[in-house]
Amino acid sequence: MTRDKTSDESAADRRGFMTKLLAVVCGGLATLPPVLAGVWMFLDPLRRRGAAATFLPVTDLASVPDDGIPRQFAVVADRVDAWTGFAAEPIGAVYLRREKGSDTVEALSATCPHAGCFVEMESQERCFRCPCHNSKFTLDGGMVAPSPSPRAMDGLECQVAKNGEIAVKWQNFYTGIAEKVARP
Ligand code: FES
């Protein structure tokens, strides 16, 4: 035979339930910040990969003689591959050139717009040539027909600081298409 609960017992049950509910809510709130921090860290490489291109220091003015001949320089930066970071790694190469008496530096990506091989300088012919499929470019990056490359070499923005430091806005572009389109 069962007995109906008294009002005191019912009130005690409700208090117990509310205490447990409060404990669950407080516990959940306490674990939220570390969980959100973990999610942020997990997404961080993806976030940085989508970041806009930045100017990277490459060399200084004294290293680029004003004779109109392009010189090749490595572009070095911290790199993130998936979730692994690599400090100060070569991520590409550029050709820099400047004309007689000028402090203006022109920068070209050394990546061939055809399929991404590295373009080489041919000093004797005074031109660029790609060793993969023989695309040929003038020293200012213009395409020499016939070439399999669909466009001229990709120019890059370049800044020369007061102290002579040269920085290049490093970007990769899609290969195999006529338009110069930056990759994210
Ligand atoms: S990758 Fe340069 S010509 Fe094909």
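The values are calculated or read from the model by the stated rules, or taken from the named source; none is laboratory data. Owing to the predicted nature of the structure, the values given are computational and were not obtained by experimental measurement. Glycine gets a Cβ as well: all are built from the backbone with ideal geometry, and neighbour counts include every protein chain shown. Keep in mind that these areas ignore ligands, DNA and RNA; they rest on the heavy atoms of the full protein, side chains included. Shrake-Rupley method; radii C 1.70, N 1.55, O 1.52, S 1.80 Å.
Things worth noting here:
- Looking across segment 119-162 at every residue that is more than 16 Å from the ligand (Cβ to nearest atom) and hydrophobic (A, V, I, L, M, F, W, C), the one that is surrounded by the most Cβ atoms within 10 Å (Cβ to Cβ) is identified as LEU156.
- Being assigned to a strand (DSSP E or B), over 16 Å from PRO70 (Cβ atoms) and not small (Gly, Ala, Ser) is a condition met by at least one residue of segment 171-182.
Listed here are the residues, each with its yes/no results for (1) under 24 Å from ASP60 (Cα atoms); (2) out of contact with any Pro (no Cβ under 7 Å at 6 or more places or on another chain).
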site: GLU120; (1), (2): yes, no
site: ARG129; (1), (2): no, yes
site: HIS133; (1), (2): no, no
site: GLU157; (1), (2): yes, yes
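- Some residue of segment 99-118 being β-branched (Val, Ile, Thr) and either open to solvent by 60 Å² or more (accessible area, probe 1.4 Å) or assigned to a strand (DSSP E or B) (or both): yes
- Among the residues of segment 46-85, those identified as modelled with pLDDT of 75 or more and assigned to a helix (DSSP H, G or I) are LEU61, ALA62, SER63.
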